[in-house]
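Report on the structure given below.
The values are calculated or read from the model by the stated rules, or taken from the named source; none is laboratory data. All values derive from a computational prediction rather than experimental measurement. Counting neighbours? That spans all protein chains shown, and the Cβs are built from the backbone with ideal geometry, glycine included.
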Amino acid sequence: MSHTLHREGSIKSLEKDYCLLITPYKGCNNIQAEKKIKKFVDIIFDVGPVNFRFYRVPKEGEFNLPITKQKILNYKKQVYDNTKIRCVFDDKKKIKEVIKQIYKTNYGLSVVISGPRKEIESILKEINIQPHSINIAMGTYGLTKELPDPNFRKFTTMCGHGLVSPGLVKYMLIKIKAGKISYEDAGIELAKPCICGVFNQKRAEEILREVAPLYDQKGNRINLK
């Protein structure tokens, strides 16, 4: 599973961005997995992700942000053997605590975490976990001049299925410059198309504050000499 692997940005920014994916394997370890998955839900929300999504629950239509206790309860009631958990944390200590608690359960379901390599390795070393396998993003090759604005890619790459478009990022910048939306609400709007719930709207808010002065009222890059 590598759709959370190719997030772009500075190391400082990415150190506030850790994705967690838990997946039962149909026909193998998904049998009677419901109780295990519900236990993982409790562990995750006791610590507190910034965004989340459960795959394969009967009613996936409810938007997950803002996170409330009632939404968590509603989702948890719908969990069954094949439910997949996707979520993102904005703090290394939080993801470490979640992994530590999940490791203790020894439930045998697939658990994938992604983030800066140095930080992930230090977490696993401290908990004494030997990873099953490691995927590493090696960068982007080919006609890179055809790619969107590098600042826009800091947002778009937080949705591994490409559902957060550069056009939406530009539109949020236009609305921010016009005073029609707050940085916080713009981050949430950018998170909405991401069906996996791994878009980090808290990080998006920080990046918007950082890059907004670089763009004009039409969302175009200001040429600074």
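Search the range 72-81 for residues being buried (at least 17 other Cβ atoms within 10 Å of the Cβ) and of a type outside the set (Phe, Trp, Tyr), and hand back the single one that is nearest to residue 32 (Cα to Cα).
Checked the range 72-81; the qualifying residue nearest to residue 32 (Cα to Cα) is 79.
In the range 8-34, how many residues are within 15 Å of residue 110 (Cα to Cα) and part of a helix (DSSP H, G or I)?
1
Give the number of residues within the range 150-169 that are surrounded by 18 or more Cβ atoms within 10 Å (Cβ to Cβ) and closer than 14 Å to residue 211 by Cα.
Adding up the residues that qualify gives 6.
I'd like the residue in the range 209-225 that is part of a helix (DSSP H, G or I) and without any contact (Cβ under 8 Å) to a residue 40 or more places away in the chain and, out of all such residues, is surrounded by the fewest Cβ atoms within 10 Å (Cβ to Cβ). Don't jump to the end; show me each part of the working.
If we filter the range 209-225 for residues that are part of a helix (DSSP H, G or I), which is where we start, we get 209-214.
Add one more test, that the residue is without any contact (Cβ under 8 Å) to a residue 40 or more places away in the chain, and what stays is 209-210, 212-213.
Details: 209: 14, 210: 14, 212: 16, 213: 8.
Ranking the qualifying residues of the range 209-225, first place goes to 213.
Please tell me if residue 5 is outside the structural domain of residue 190 (by TED's automatic domain parsing), surrounded by 14 or more Cβ atoms within 10 Å (Cβ to Cβ) and either assigned to a loop (DSSP other than H, G, I, E, B) or over 17 Å from the mean Cα position of the chain (by Cα) (or both).
Judged against the criteria, residue 5 is a match.
Can you report the number of residues in the range 152-202 which are among the small types (Gly, Ala, Ser), in a loop (DSSP other than H, G, I, E, B) and more than 11 Å from the chain's Cα centre (by Cα)?
Qualifying residue count, the range 152-202: 5.
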